[in-house]
1. What length, rounded to one decimal in nm, is gained on full extension from residue 168 through to residue 250, with 0.36 nm per residue of separation minus their alpha-carbon distance?
2. In nm, to one decimal, how far is the residue 258 label point from the residue 52 one, both placed 7 Å along Cα→Cβ?
3. Of all DSSP beta bridges in the chain, what percent run antiparallel (nearest 5)?
4. If I take R0 = 22 Å and measure r between the Cβ atoms of residue 212 and residue 44 in this structure, what FRET efficiency does the formula 1/(1 + (r/R0)^6) give, to the nearest 0.05?
5. I'd like the orientation of helix 252-262 relative to the chain: the angle between its Cα long axis and the longest Cα principal axis, in ° from 0 to 90, rounded to 10.
6. Defining a contact as two alpha carbons under 8 Å apart and six or more residues distant in sequence, what relative contact order in percent does the chain show?
7. Classify region 183-248 as rounded, prolate or oblate from the Cα gyration tensor: take a ≥ b ≥ c as the square roots of its eigenvalues, call it rounded if a/c is under 1.5, otherwise prolate when a/b beats b/c and oblate if not.
8. Along the Cα-to-C-beta direction of residue 139, a point sits 7 Å from the Cα; which residues of region 170-197 have their amide N less than 18 Å from that point?
Ligand code: IPD
Ligand code: CA
Ligand code: CA
């Protein structure tokens, strides 16, 4: 049985509380799909409500610590060394379309380093968590990244930029390079779960650009504690704040980076 620290318990109970609201709201969204106005206002209310619940729970347990949250931004706190980085609903587009693949992501940053992470899919009840030096887990099962070494057998996840986001042409080049050499590519729509699935060995790797700290902070430590490597896409050391991410098992990290950068374009 994996032993959860006090901080992990605080994060899990905040996520659990918000999860109950999101599950209820997700049920409503499925009904609202057919209405004329559509469910998007409703979803942003659900999102804000989840963030408020998480903030209140974390603040109650650790009153001095700061926050970086997707909806409400930065709250410095009295203790400058600790802050929570939170995405209350990662995978909004899936949620909005009634697709049961979304997550709550909570990370703890201490003196600029992510030291704990929790990513929870409230629909499947998969709770991913990790703490620096203690390993990564799904519920109570220890996670290890995949051991596949051959790129032709490797499955990768990515994110596709959409309307209003930059980088459409560079992404198409990346896609054409990776699809020419790999066993497949998935666009699941939830950055934090793409990282969790990489930690669980379901994907050999994951890359994406145009991300925010709250999309990846909770997942980065999952991959590292499961034995994988995580950098920016150019190999830079700061995938949480650097805006791009490349996460993979130890064999595929360099290989994927090389393909993304210089691989021959497919015919
Ligand atoms: C999004 C998801 C998605 C990624 C987008 C993110 P949101 O987060 O993580 O997988 O491709 O770039 O913005 O908006 O659903 O919290
Ligand atoms: Ca997100
Ligand atoms: Ca979000």
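Read-outs throughout are calculated quantities, based only on the coordinates presented, and are distinct from any laboratory measurement. Small disclaimer: the values here were computed from a predicted structure and weren't measured. As a convention, Cβ positions derive from the backbone with ideal geometry for all residues, glycine included, and neighbour counts pool all protein chains shown.
1. Details: separation 82, 0.36 × 82 = 29.52 nm, distance 2.84 nm.
Separation in residues times 0.36 nm, less the Cα-Cα distance, equals 26.7 nm.
2. That separation, rounded to one decimal, is 5.3 nm.
3. On the way: 37 of 48 bridges.
Antiparallel bridges: around 75 percent, rounded to the nearest 5.
4. Values: r = 17 Å, r/R0 = 0.75.
Efficiency, rounded to the nearest 0.05: 0.85.
5. Relative to the chain, helix 252-262 is tipped by roughly 70 degrees.
6. Values: 591 pairs, mean separation 43.4, N = 267.
Computed value for the chain: 16 percent relative contact order.
7. Numbers: a/c = 1.42, a/b = 1.25, b/c = 1.13.
Rounded, since a/c falls under 1.5.
8. 196-197
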